[in-house]
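Got a structure for you, questions after.
The values are calculated or read from the model by the stated rules, or taken from the named source; none is laboratory data. All values derive from a computational prediction rather than experimental measurement. In this analysis, Cβ positions are derived from the backbone assuming ideal geometry, glycine residues included, and neighbour counts consider all displayed protein chains. Heavy atoms of the whole protein, side chains included, go into the accessibility calculation; ligands, DNA and RNA do not. Shrake-Rupley method; radii C 1.70, N 1.55, O 1.52, S 1.80 Å.
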Amino acid sequence: MSEGALTGTQGEGRRPESNTELRTIGFRLREIQRLLSMRVLQENVRLEAEGLAPVTEAVFFKEGTPGHAVSHHHVKSQAAQLGGLDLGADVRVALLGGAVISGTTGPIDYVPTESLRLELRPRDDSSMRYEIRAVVEETGWSPVTVRRYELGDDDWEVLGVVRSVETE
């Protein structure tokens, strides 16, 4: 490798020189992803109003890549949406892996600056319940995750990360 490539003095094709530049690039990419996700959600409203099927993938992360879950802004809006539900509301939750759960909301514990915990009970199975939760960490909201408990199980089973939430 040439000395110019190592020192970052080769002009337009040069590599970022510092962690600050890399963080700035990462921030800009996440912001683009967030804006694209918001635009898809807006477009879905229009498509549904016209009786057309909505776009199913509103988050532009691929599973298995760093940060694939969702942006912090998206997680915060999911937490606010779930935390603002009424007791007994019918909810449909899609997970990143493609699974979908639905049910009626039970106890909801939501503190916008701290955490979300919501219980969801399937309408057709009283022996099962889901817990949807997230917490605020140093870097922002953790991904909203779902876990399941069925009567007779030893412990909760983690199902995955929430991709989208719909009220029915």
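Mind giving me the nanometre distance, one decimal, between the label points for residue 166 and residue 135, set 7 Å out from Cα along Cα→Cβ?
3.2 nm
Just reorder 90, 155 by solvent-accessible area, largest first, 1.4 Å probe, all chains present. Before the final figure, lay out the partial values.
On the way: 90 55, 155 105 Å².
Heavy-atom accessible area, descending, gives 155, 90.
So between residue 148 and residue 109, what do we pick up on full extension, going 0.36 nm a residue minus the alpha carbon distance?
Numbers: separation 39, 0.36 × 39 = 14.04 nm, distance 1.73 nm.
Contour length minus Cα-Cα distance gives 12.3 nm.
Separate question: Taking the simple approach of a point 7 Å from Cα along Cα-to-Cβ for both residue 35 and residue 86, what is their distance in nm?
Going from the residue 35 label point to the residue 86 one covers 3.8 nm.
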